[in-house]
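Notes to accompany the following structure.
Laboratory data are not the source of any read-out in this text; all were calculated from the coordinates shown. Only a predicted model underlies this, so the values are computations on that prediction, with no experimental measurement involved. Don't worry about glycine lacking a Cβ; one is built from the backbone with ideal geometry, like all the others, and counts go over all protein chains shown.
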Amino acid sequence: MRNIIWIMAFIFSVLSGFEGFAQLDDRQMFMKGLENYKQKQYSDAQRTFFTTLKNYPDSRIQTSIKLMLAKSYYKLHEYSSANLVINDFLKKYESSSYIDDIYYLRANIQYQQGEYAQAVEDWLWIIYNSQDSRLKRKTGDYIFNTMALHLSQREISALSQQYTDDIFNGLVEVVKAKKLMDSGEQKQGEYLLERFLDNYPSHFYAEQVSEILRNRRGSSITSNSILILKSNQPNAKEISDAITKGFLYAAYEMSQRDREQAIRIDTLGVSENVLSMVHKTMDYMMENKPLAVLGPLSDDGNTALGLLSRYEYFPFISPVSSQKGLAEISPYAFQINPDAEIKGRFLAEYAVKELGLKTFATLAPADEYGISLLDGFREVVLENEAEIVEEQWYYEDTQDFSRQFKTIRKQGFYITFRDSVLAVDSTLADTVLQRQFQEYMTETLFSSEGRREIDSTQVPSTGIDALFIATYPEYIPFMAPQFAFQNIQTQLLGNEGWSNKDILMQQRVYLDGLIYISAGYVDQESWNFKAFQSRFRQQMQETAEKYHLLGYDIGKWMISHYQPGISRGAFRDRLSNSELYQGILENIKFGINPRVNSQLNIIKFYRGQILKVQ
C-alpha cells in the first residue's frame, strides 16, 4: 500500500481541525476509517468506509475510499464483497493512480481462493504497467513463488502462449530451474540458471537468480551437527526442554550402538519474538552451519523458520505445529505433527468407513485450526455420500455452550422426523419437510400436554449418528456436562484436544465411549516402553514424559538417516523418502502431502480406560 494514502490521512486530519464537528465530512470519515484499519479493527473500518460512500456518493476522494473498503473486506476474508468493489473500481477509474493497488489486491484474493493462474495474470499486469518499483519487486517475488509452488507445466504453457515477451519467457526458465532443483536435480537446475544470466543479464529476475545461485550452495554444505531451538518463554520452556532432553538421549543412545552415528547436538535459546529468533538463528548458522534445525514451538516461529529454510537450504523439522501448508512453503520443511486437515480426514474416514456412520453434527473453534480440521472432515464425509446436518462454532474464552448443544439437539429431532417421513414419501422437498417439522414441534411435541417432558430434556435426541467436537483441553469441563444435559444420544468423536487423561477421568461420567484421534500413543504395558523408561531414567536422571518421548522419536528418526560427510541436500532427500519409523510415542511416515507426517491413532475412552483402536 502506498504511502500517499497515509499522507492523505494526515492532511485530512489537519484540515478537519478547522471544520465544524456537527457532522463528519467525507475526509474526516475517511481518516476515521483509516485509523480503524491501521489498528486492525477491520470490521469498524469496513463500516466506516461503506458509510462514507453511502453518505458522500460524489466525494472527491472516492477512489481512496473504495480502495480501503476493498482492503477491509479482504482482511475480513469477505472476498465476494471485496471483488464487487474491485470490479466497480476497474470499470470507473482506469486512469486512477491506485489502479495497480487494485490489481494487486485482486490477485491476492485469487491466490487465497486457490486461483493461482489468475493471480499470476493480475500480478503480471503490475509488472508490465506499474511505475511503483517497490510494488513491482514485491509482486515479482509473488509471481515466481506461486508459479514454482502451485502451477503445473500445463498451466505455465498456457500462460506462455499469452505472454510471449522476454520478461515472461525468462521467468519460465527460472521457474523450470527452481522446480528441477527442488526435486533434487540440483546440477541441471543450476545450469539453467547460469545460462539464464548469460542470455538475460539485465532481466527483471536477474538479481533474484544470482541470489538463488549464491544461496543454493547452502544445500551442499556438510556438517556433523544438528541445531535445536529452545524456547525461553515460561509457557513453552518446559515442553522445549523435554523435547531437547529426549533428542539428546536419542543421540547418546545411537552413538553408543554405532560410533558412525555420533553427531553433535547444539542448542540455542530463542525468544517468542519472531524477528529476534530469526536474527539469532541466522547469526548462529553463519558461523556454525548445522546440518539441520529442529524447532521452535510457536506457529509464527515455525512459519518464519520454514521460509528461512527455503532460501538457506537446510532441513527444518517442526516438532508440534499442526498448521496446514507449513511444509508447502519450503521443500526443506518437515512437519512431524500431521496438519489439521489430515487429522480431520483421518477421523472422518474411520467414522464413515469403519463405523458406518452417515449423519454428523460438528462443533469446532472458529479459528484457523478448527476451520482447517472441519474442512478435511467435511471433504471425506461428502466424498462418501454421508452428510453433515449441523455445523456449530465457538470463539475463544467461551464457557457457555448451551446454545450450540440446544441447536444440535433440535437438529437431532429434525433428522429423526425427516427420515421417518421420507421413508413413506421420498419425493418431499427439504422446504416441505422443514415446514412440517415446525408444525410437528409446535402442535405435537410442544403442545401443553407434551411441553413439560420435552423441555426437561428427558426425551433423548437420537437422530444424528455422531457428533464431532473439536476442542482444546481447557474447554472440556464446560462442554462435557452440557453435552450430557441436552441428552444427545450419539457417538461422540473428538480431535487430539481430548487427549488428556486427567481431564477425561474428571468428566468420565459424561464421556464414556468417546472416540478421538491422537498423533501419539504410548502402550505403557509394553516391554519396549518399560525397557526404554528404565534406560532413560538411568542416563537422564528423570522419568520420560510425553514430550521427552516425542524428542526421542524425532531424534532417532533423524539420526538414523545421518552418515558422516552427508550434505544438507542429501540429508533432506533421505528424510523425505524415509520408510515408516515406528516410535515409542509417534510413528513417522509421509503420505499424500510431502514432508507432512500422516501417521495417526484412533483412541477410545471406555470405562475409564484409554484404549488404542487403530
To the nearest µm²/s, what D does Stokes-Einstein give for segment 3-176 at 25 °C and 0.890 mPa s, using the Kirkwood radius over alpha carbon pairs as Rh? 140 µm²/s
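Just flag the trypsin sites (Lys or Arg not before Pro) in segment 17-87 sitting in loop per DSSP whose Cβ has no more than 11 other Cβ atoms within 10 Å. It would help to have the intermediate numbers written out before the result.
Details: sites: 27, 32, 38, 40, 47, 54, 60, 66, 71, 75; in loops: 40, 60.
Taking segment 17-87 and a limit of 11 other Cβ atoms within 10 Å, the loop trypsin sites (Lys or Arg not before Pro) found are 40, 60.
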Loop-only GluC sites (Glu not before Pro) in segment 86-139, please: DSSP not H, G, I, E or B, and at most 10 other Cβ atoms within 10 Å. 94
Under the Karplus relation 6.51 cos²θ - 1.76 cosθ + 1.60, θ = phi - 60°, what is the ordered set of whole-Hz ³J(HN,Hα) values for segment 318-333, x standing for Gly and Pro? 8, x, 10, 5, 10, 5, 6, x, 4, 6, 6, 7, 7, x, 9, 9
Only helical DSSP H runs with n ≥ 4 go in: add -39500 (n - 2.57) per run for the chain, normalise by residue count and round the 222 nm mean residue ellipticity to 500 deg cm²/dmol. -17500 deg cm²/dmol
When 390, 78 are ranked with the fewest other C-beta atoms within 10 Å first, the list becomes 78, 390
List the residues whose amide H sits under 5 Å from the amide H of residue 393, counting only those 5 or more places along or on another chain, with H placed 1.01 Å from N in the peptide plane. 364
Under 20 Å Cα-Cα from residue 556, which lysines qualify once same-chain neighbours fewer than 8 residues away are excluded? 230, 245, 530, 546, 589
For residue 154 and residue 478 in one chain, what is 0.36 nm times their gap in residues minus the Cα-Cα distance, to one decimal in nm? 111.5 nm
Report the extension gain between residue 349 and residue 424 in nm, rounded to one decimal, defined as 0.36 nm multiplied by the number of residues separating them, less their alpha carbon distance. 23.9 nm
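Please work out whether the chain counts as rounded, prolate or oblate from its C-alpha gyration tensor, where a ≥ b ≥ c are the square roots of the eigenvalues and a/c under 1.5 means rounded, while otherwise a/b larger than b/c means prolate and anything else oblate?
Values: a/c = 1.85, a/b = 1.05, b/c = 1.77.
The shape class here is oblate.
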Out of segment 518-614, which trypsin sites (Lys or Arg not before Pro) are coil in DSSP terms and have no more than 11 other C-beta atoms within 10 Å? 607
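If exposed means no more than 11 neighbouring beta carbons inside 10 Å and the site is in a DSSP loop, what's the longest run of the chain without any exposed chymotrypsin sites (Phe, Trp or Tyr not before Pro)? Let's see the in-between values first.
Values: sites that count: 18, 21, 395.
That gives 22-394 as the longest site-free run.
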Which of the lysines could be linked to residue 32 by a straight reach, that is with a Cα gap under 19 Å, when you skip same-chain ones fewer than 8 residues away? 40, 54, 66, 71, 75
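If you place +1 on the Cβ of every Lys and Arg, -1 on the Cβ of every Asp and Glu, and leave all else neutral, what size is the dipole of the chain about its Cα centre, to the nearest 20 Debye? Working shown, then result.
On the way: 65 positive and 77 negative charges, 227 e Å.
The dipole of the chain has a size of about 1100 debye.
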Which one, 123, 144, 540, is farthest towards the positive end of the dipole of the chain when Lys and Arg carry +1 and Asp and Glu -1 on their Cβ? 540
Over segment 493-614, what number does the Rg to Rh ratio reach, with both radii from the alpha-carbon atoms and Rh per Kirkwood? 1.04
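Hey, with R₀ at 56 Å, roughly what FRET efficiency would residue 436 and residue 206 work out to, going by the Cβ-Cβ distance, to 0.05?
Working: r = 70 Å, r/R0 = 1.25.
It comes out at approximately 0.20.
Express in nm, to one decimal, how much length is gained between residue 589 and residue 299 on full extension, taking 0.36 nm for each residue of separation and deducting their alpha carbon distance. It would help to have the intermediate numbers written out before the result.
Numbers: separation 290, 0.36 × 290 = 104.40 nm, distance 2.16 nm.
Result: 102.2 nm gained on full extension.
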What list do you get for 88, 430 if you sort them by fewest beta carbons within 10 Å? 430, 88
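What order do you get for 68, 282, 31, 441 when you list them from fewest to most C-beta neighbours inside 10 Å? Intermediate values should be presented prior to the final figure.
Numbers: 68 26, 282 11, 31 22, 441 16.
Ranked by crowding around the Cβ, least crowded first: 282, 441, 31, 68.
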